[in-house]
Amino acid sequence: MEKIKPDVREKVLEHGFSFLFDDELVMLILGSGTKQLPVERMAEKIVDVLDDCDFEDAVEKLLQVKGVGQGKALAVAAALELGRRRSCHLRAPIKSPSDIVPFVKNYAVCEKEHFLLVTLNGGHEIIQIHVITVGTLNRTLIHPREVFTAAMRDNAAAIIVSHNHPSGNCEPSLEDIEVTDILEKVSVIMGIELLDHVIVSRETYFSFLEHKMLKKGQNKESDVRKNIGERENEEEDFDEEYDEEINTDWNEYYAAAEFEKY
């Protein structure tokens, strides 16, 4: 049984997956060929089959290739399905908060909080979905530099941030509001609009935009207090501390993000 040639692995490690041809990607999936059919030839035949059939018929057609058994056919089909699921969001138009939910809903089942960045072009179509950090959401873990560096790398015109609440309760915490407040203020300086912060759980979602907790760059301190009601006293100390922190750190955020352009 002939195994995959080392140079394909070396190529992907040095240049990335996008550097490989389709048959080389299939070679990585297969791992090895047979005595009668080397892995290179098997991969070429599989690519030919995939080019000429619908996904629903892929397994049946692949099994007709000499040397391709059930295990290899299913492995190729599974890789195609995984790729389809992971890329189905690309260029999807986002017109309302509910439009983004299907693309981040899979994180609702995670036991840890995942903070996501969704970058969008000028037509508010999804460019990419990034996992910024994993863990309890707070202002220490979520740094604007990480969010806006990724947004600039994608040449995004706007962004949506999202995270899951493993508890199932989508109501925003004080930390959620603090992080959103900072990101929105920095977004004004960066010229990349923060359209929404969406919190998801297994059953439902919470949108800062729908609940009028975003002011599109204006000072929204009073509205934030209005939305969190009884937390008003807790926020008074936060507002004073964070206004001072943001004023001193904005130049740092801007300089770091601008540096990433070059």
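The values are calculated or read from the model by the stated rules, or taken from the named source; none is laboratory data. Because the structure is a prediction, the values reported are computed rather than measured. Counting neighbours? That spans all protein chains shown, and the Cβs are built from the backbone with ideal geometry, glycine included. Ligands, DNA and RNA are excluded from the accessible area calculation, which covers all protein heavy atoms including side chains. Shrake-Rupley method; radii C 1.70, N 1.55, O 1.52, S 1.80 Å.
Condition check for ASP48 on (1) open to solvent by 60 Å² or more (accessible area, probe 1.4 Å); (2) within 31 Å of the chain's Cα centre (by Cα); (3) not basic (Lys, Arg): one failure, at (2). Per the listing SER162, SER173, the residue uniquely surrounded by fewer than 18 Cβ atoms within 10 Å (Cβ to Cβ), under 21 Å from GLU210 (Cα atoms) and either in contact with a His (Cβ under 7 Å, 6 or more places away or on another chain) or of a type in the set (Ser, Thr, Tyr) (or both) is SER173.
The numbered conditions (1) crowded, with 22+ Cβ neighbours inside 10 Å; (2) more than 17 Å from the chain's Cα centre (by Cα); (3) within 18 Å of GLU111 (Cα to Cα) are all true for ASP181 except (3).
Close contacts from region 71-94, counting a first residue that is on the phi < 0 side of the Ramachandran plot and a second that is of a type in the set (Phe, Trp, Tyr), with Cβ to Cβ under 9 Å and a gap of 6+ residues or different chains, come to ALA77/PHE55; LEU80/PHE55; GLU81/PHE55; ARG84/PHE55; CYS88/PHE103; HIS89/PHE103; ALA92/PHE103; ILE94/PHE103. The set of residues in region 92-109 being surrounded by 12 or more Cβ atoms within 10 Å (Cβ to Cβ) and either within 30 Å of GLU44 (Cα to Cα) or at pLDDT below 90 (or both) consists of ASN106 alone. The residues listed here are ALA151, ALA156; of these, the one that is assigned to a helix (DSSP H, G or I) and either polar (S, T, N, Q) or modelled with pLDDT of 65 or more (or both) is ALA151.
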